[in-house]
Amino acid sequence: MEKLSNIGLQKEDSKQVADKLNELLANYHLYYQNLRGFHWNIKGVYFFQLHEKYEELYNTALTRIDAIAERILTVGQQPLHTFSEYLRVSGIQEASNLSDGKETVSVTHQNLSTLLELEREILRLAAETGDEGTVSLISEDINENEKTLWMLRAFLS
């Protein structure tokens, strides 16, 4: 049996990276859906700022979801694609019936922290296996997520 994938990586290494990417994909879907709910339901003095910010964040998340799923396919694996799988795999929980600005920002901060922790795991694993494509994808995402976390912390302080 061939040990190298179509892109020249060890198949077993690619499977391990893809499993972690699928975990990230599931978490991103819950993060995305939480942001949609916050965007729709936000109330109070921060309405205008947060309504717009949540739309920006969920549009960014949607782009990242697509990139993660395509990377999973690129390394020769199948991306998760049902909500039951996302709910089973994700460490991020559904946020329901939240409309307060500080509360929704706090949940967003927690969700983004979960994504960042997982991205750092994937970065280490991808680097160890020589998967430069995944390293590049995740490195860029980490940079943006760190900046967003900083902004959310500033809002909450």
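The values are calculated or read from the model by the stated rules, or taken from the named source; none is laboratory data. Note that the coordinates shown come from a computational prediction; the quantities given were computed from them, not determined experimentally. Heads up, the Cβs are rebuilt from the backbone with ideal geometry, glycines too, and the neighbour counts pull from every protein chain shown.
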Of everything in the stretch 2-16, what is loosely packed, with under 11 Cβ neighbours inside 10 Å and touching an Asp or Glu at 6+ places or on another chain (Cβ under 9 Å)? Give them in sequence order.
Lys3
Among the residues of the stretch 1-35, what is the count of those that are among the basic types (Lys, Arg) and touching a helix residue (DSSP H, G or I) at 6+ places or on another chain (Cβ under 9 Å)?
2
State whether the residues of the stretch 8-20 include one that is of a type outside the set (S, T, N, Q), more than 20 Å from Ile68 (Cβ to Cβ) and either in a loop (DSSP other than H, G, I, E, B) or touching a Phe, Trp or Tyr at 6+ places or on another chain (Cβ under 9 Å) (or both).
yes
Test each condition in (1) surrounded by fewer than 20 Cβ atoms within 10 Å (Cβ to Cβ); (2) part of a loop (DSSP other than H, G, I, E, B) for Ile92 and report the one that comes out false.
(1)
Would you mind stating whether Tyr58 is at pLDDT 95 or above, hydroxyl-bearing (Ser, Thr, Tyr), part of a helix (DSSP H, G or I) and buried (at least 21 other Cβ atoms within 10 Å of the Cβ)?
no
Starting from the stretch 20-33, take each residue that is surrounded by fewer than 22 Cβ atoms within 10 Å (Cβ to Cβ) and list its partners that are basic (Lys, Arg), counting only C-beta distances under 9 angstrom and pairs at least six apart or across chains.
Tyr32/Arg64
